[in-house]
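What follows is calculated from the coordinates using simple rules that are stated; it is not laboratory data. The structure displayed is predicted, hence computed values, not measured ones. Positions of Cβ are backbone-derived with ideal geometry, glycine not excepted, and every protein chain shown enters the neighbour counts.
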Amino acid sequence: MAKDGSTAAADGTTAGSGDIARSLELLWGAGERPSRGPKPGLTLDRIVTAAVAVADAEGLPAVSMRRLSTELGTGTMSLYRYVPGKAELLDLMLDRVLGEPLSAEPDRPAGADGTPGDWRVAIDAMAHTYLDNLRRHPWLLKINQARTVLGPSALRGLELALSALRSMGLRDPELIGVIITVNSFVEGLARTQGDAAEAVAQTGLSDEQFWDSQRPYLERAMLSGAYPMMAGMSEDTFSADFDHFEFGLQRLIAGFEALVRERTAERTTDPETEPTTDRTTDPTAEPTPDLTAEPTPDLTADRT
């Protein structure tokens, strides 16, 4: 555990392990102001904004209470009157950046007539928005979000996502599964891109230089006959022009479409899921005549 209360895993990810109750109070506005000490010029909002800016520019390790006090021109102890430490600050930072895309979103993602929008469009927008957010804030991938302290932005984002996907007609656990699947796909690709950029920064070698250094060995390996599948691949196989993100996203959407069709077919064939007519039967009411039935002959009629 770090001195600031946060914990760092072996892979470099960070998870807050501070006072959850205090984080929730700060996230939900129940503890924004310190109980004592100077208030003018310093707010919780300014502290979080400064922390996000430092993390964006230099990464999470650069975020410390001492560094923030320098950025804000105040004493370190003044910051502790607003936020207990870095562990709780990480919770606030996470909710802040998750809320950024929501400022441009409507309260209810629907069509112009108020009907639910196309869930395919919603998934596409969800994935692109999340990828853009991860690119703006690459340190997000360094935070372990398996046990996120849920603040207003996190809940509103989930509410909007569920509202946009409700027209899929899936069960609630399946809707959550859709969101997890899309987010996991986006995070995986963003992590790969981030790792590549980090490798360039750490080694000073561009991607082209890195692969060019391996070219003689790879060419000999391809000519050896030991790798026929790879040797037979086209020259553009690893071209940077191929959009792996768009390819994968559209395949995910196609898979969800198959699931929606399956669920729709199940509802059509299962009589228990078919809608029933809401009808109240009055035992004293006259029966409705069947106008399509043949008339019953009167056998007592006078035959003359």
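Mind ranking 120-131, 251-262 by how tightly packed they are, going by the mean number of other C-beta atoms within 10 angstrom, highest first? Display every interim value, and only then the final one.
Values: 120-131: 18.3, 251-262: 13.5.
Top to bottom by mean Cβ count within 10 Å: 120-131, 251-262.
Take each of the peptides 202-213, 234-245, 52-63, average the number of other beta-carbon atoms within 10 Å over its residues, and list them starting from the highest.
Working: 202-213: 10.7, 234-245: 9.2, 52-63: 16.5.
Packing order, densest peptide first, comes out as 52-63, 202-213, 234-245.
Between amide H atoms placed 1.01 Å from N, distances below 5 Å from residue 143 occur with 14, all of them 5 or more places distant or on a separate chain.
Can you check what the Kirkwood hydrodynamic radius comes to for region 139-205, Cα pairs only, in Å to one decimal?
14.2 Å
What the phi angles of region 24-29 give under the Karplus curve with 6.51, -1.76 and 1.60, with θ = phi - 60°, is a coupling list of 5, 4, 5, 5, 9, x Hz, glycine and proline written as x.
Sequence-ordered 3J(HN,Hα) estimates for region 235-241 from the Karplus curve with 6.51, -1.76 and 1.60 and θ = phi - 60° stand at 5, 8, 4, 10, 5, 6, 6 Hz, glycine and proline given as x.
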